[in-house]
Amino acid sequence: MVRVAKKFTFSILASFSMSLLGGCYEFGDPIEVDDNNPSGNGPTATGNTPPVISGRAPAAATIGQEYLFVPSATDADGDTLTFFIDNAPAWAAFDPATGELRGMPMLGQSAVYDNITISVSDGELTVSLPAFAITVAQVGTGSVTLSWTPPSLNEDGTPLIDLAAYKIYYGLSEGNYPNEIRIDNPGITTYVVDNLTPNTYFFVSTSINSIEMESVFSNVASKIVN
C-alpha cells in the first residue's frame, strides 16, 4: 500500500519587510458619460441611476509572478453590468463580466504600462476608475517568512519515516497558486519567499516522501505586502 504524508500546519511569522515599487494614485469622482445627466449626480432623465465602481489596482508587478486586480461595482437599479478596459497590458487578460485584470509578465516585458482605465456600464451609463499605471520590474523587494512543523504521520495514521521534501505554492487569490517552490531538505522548517511586490499573497504547502508521493495542501496562510 502506498502511504502519503499527512498534511501539516502552515503559518506566517511576523518577520517580514517590503517597500513599494512604482507610484500610486488618488481617487476622485467617477467619470460618467451621460448626455441626459451632465452633472453625474442621481438618476438620469429616464430614471436610471448610474453604477458605482471602486477599487485600487496594485501599482507594481514582477516578472514571473501573477498580477491580479478585481474592481468592485454595484448598480442600485439591479442592471446587468459590463466592464471595459482601455490600454490593457499585452501580458494580461481582462474579464468583461467581472472586471478582473489578471496576468503574468515575462522576461522582456519590464516597463511602465500607464493610462490604464477600467470602466463599467449598466447599458445606459458608464463610469470609470481613475487611470492608473502598472510598473513591471525584474524583481520585487518585499518578502514573507513562512514557518511550519514537519509532519510525523502518513494519512493512514502510520509513522512517516521517509519525508524527503516540501513544496510551497502561492498566488494572489485563494485556491489559485501559479508560483511553486520546492525544498529538498526535509529538515528545513522556515523559508523566506522574496522578490514580492505590494499585494496580498496566499500560501499553501505540501510534503513529499521518498517515492515522490505528495500530500494534500496544508492550511492557507495569507499576508499583505505593502
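Before moving on, here are some points about what is shown:
- Of the numbered criteria (1) farther than 30 Å from TYR169 by Cα; (2) modelled with pLDDT under 85; (3) crowded, with 18+ Cβ neighbours inside 10 Å, the one MET18 fails is (1).
- Selection from the stretch 94-126 of residues that are part of a loop (DSSP other than H, G, I, E, B) and either under 22 Å from TYR177 (Cα atoms) or touching a residue at least 60 places away in the same chain (Cβ under 8 Å) (or both): ASP95, THR98, GLY99, GLU100, MET104, PRO105, MET106, LEU107, GLN109, ASP122, GLU124, LEU125
- The set of residues in the stretch 134-165 that are surrounded by 18 or more Cβ atoms within 10 Å (Cβ to Cβ) and either of a type in the set (D, E, K, R) or closer than 27 Å to ARG102 by Cβ (or both) comprises ILE134, THR135, VAL136, ALA137, GLY140, THR141, GLY142, VAL144, LEU146.
- One residue stands out among those in the stretch 190-226 that are within 25 Å of VAL139 (Cα to Cα) and among the hydroxyl-bearing types (Ser, Thr, Tyr): the one that is surrounded by the most Cβ atoms within 10 Å (Cβ to Cβ), which is THR197.
- The set of residues in the stretch 43-93 that are within 29 Å of GLU180 (Cβ to Cβ), out of contact with any Leu (no Cβ under 8 Å at 6 or more places or on another chain) and at pLDDT 95 or above comprises PRO89, ALA90, TRP91.
- Answer residue from the stretch 51-73, given it is of a type in the set (Val, Ile, Thr) and closer than 19 Å to THR117 by Cβ and is surrounded by the most Cβ atoms within 10 Å (Cβ to Cβ) among those: ILE53
- Check on VAL144, of a type in the set (A, V, I, L, M), modelled with pLDDT under 95 and in contact with a Lys or Arg (Cβ under 9 Å, 6 or more places away or on another chain): yes
- Put simply, of GLY175, GLY123, GLY157 the only residue that is closer than 30 Å to GLY78 by Cα, of a type in the set (Gly, Ala, Ser) and not assigned by TED's automatic domain parsing to the domain that holds SER72 is GLY175.
- Within the stretch 168-178, being in a strand (DSSP E or B) and surrounded by fewer than 17 Cβ atoms within 10 Å (Cβ to Cβ) holds for SER173, ASN176.
- The sole residue among ILE188, ILE208, ILE168, ILE181 that is touching a Leu at 6+ places or on another chain (Cβ under 7 Å), in contact (Cβ under 8 Å) with a residue 12 or more places away in the chain and not assigned by TED's automatic domain parsing to the domain that holds PHE69 is ILE168.
- Applying the criterion of being closer than 16 Å to PHE69 by Cβ and in contact with a Gly (Cβ under 9 Å, 6 or more places away or on another chain) to the residues of the stretch 95-111, the residue that is modelled with the highest pLDDT is GLY99.
- LEU68, sole failed condition from (1) outside any loop (DSSP other than H, G, I, E, B); (2) under 30 Å from GLY187 (Cβ atoms): (2)
The values are calculated or read from the model by the stated rules, or taken from the named source; none is laboratory data. As the structure is a computational prediction, the values presented were derived from the model and not from experiment. So basically every Cβ, Gly included, is an ideal-geometry build from the backbone, and we count neighbours across all protein chains shown.
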